[in-house]
Amino acid sequence: MASQILPRSELVASLKAGLQRCSKTLLIAGIALIVLGTVAIIAPGVATLFVTTFIGWLFIISAVAEFYLAFQVHGGWRIAGAVLTGLISLVAGIWLLLNPAAGALALTFLLAAYFVASGVVKAVAAWQLRGVGGSGWTFFSAACSVLLGLLVISGWPGSAVWLIGLLVGIDLLFYGWALIALRAAVNR
């Protein structure tokens, strides 16, 4: 059975109905993102260390999962591959936890790529939502993300200590407001 492509008006109506069903979730998520973004803007150095430490722990958790997978897989090269990726994740995680300043430098560069990529994804979402009221805010959030990515690249490496926290805070703040605006628009 082949999937049917909906006409644009039906797609917009379907998207709007889905957003109306999760209206409360949009509001809660929007408020949470605004609060987190504001905290990160007020204390960017702390937020930078938090992000660096959090990513370090994610790598360590990933390593544990890879090691577990290695013992579940049969065959020499598959086991070796799982152990190798686990070791890489473990080393990266420990390095980030032990060297948060150097980790912040590396993560600042990666953050630039993240902001640009997330901006592109948000722009695609805004394009798909273009018939729904409030989608302009999603596009505005996308443009802000891309601009933040370019800002990160231009100030690297000198601003790495505080820039991650500040930019993550700004991104969270704008996305929170975009979710609230989208909620308001679909509930009209």
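Taken together, the values in this text are just the output of simple stated rules run on the coordinates, not laboratory data. Bear in mind that the values here come from a model prediction, so they are computed numbers and not experimental data. Positions of Cβ are backbone-derived with ideal geometry, glycine not excepted, and every protein chain shown enters the neighbour counts.
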If we keep just the residues of region 126-155 that are aliphatic (A, V, I, L, M) and buried (at least 21 other Cβ atoms within 10 Å of the Cβ), which is farthest from residue 10 (Cα to Cα)?
152
For region 150-188, the count of residues that are of a type in the set (Phe, Trp, Tyr), touching a residue at least 60 places away in the same chain (Cβ under 8 Å) and either under 19 Å from residue 105 (Cβ atoms) or assigned to a loop (DSSP other than H, G, I, E, B) (or both) equals 1
Which ones in region 35-63 are farther than 12 Å from residue 165 by Cβ and of a type in the set (A, V, I, L, M)?
35, 55, 58, 60, 61, 63
The condition from (1) among the small types (Gly, Ala, Ser); (2) surrounded by fewer than 17 Cβ atoms within 10 Å (Cβ to Cβ); (3) under 30 Å from residue 132 (Cα atoms); (4) in contact (Cβ under 8 Å) with a residue 24 or more places away in the chain that residue 14 misses is numbered (4)
From the list 31, 88, which one is in contact (Cβ under 8 Å) with a residue 60 or more places away in the chain, part of a helix (DSSP H, G or I) and either among the basic types (Lys, Arg) or loosely packed, with under 15 Cβ neighbours inside 10 Å (or both)?
31
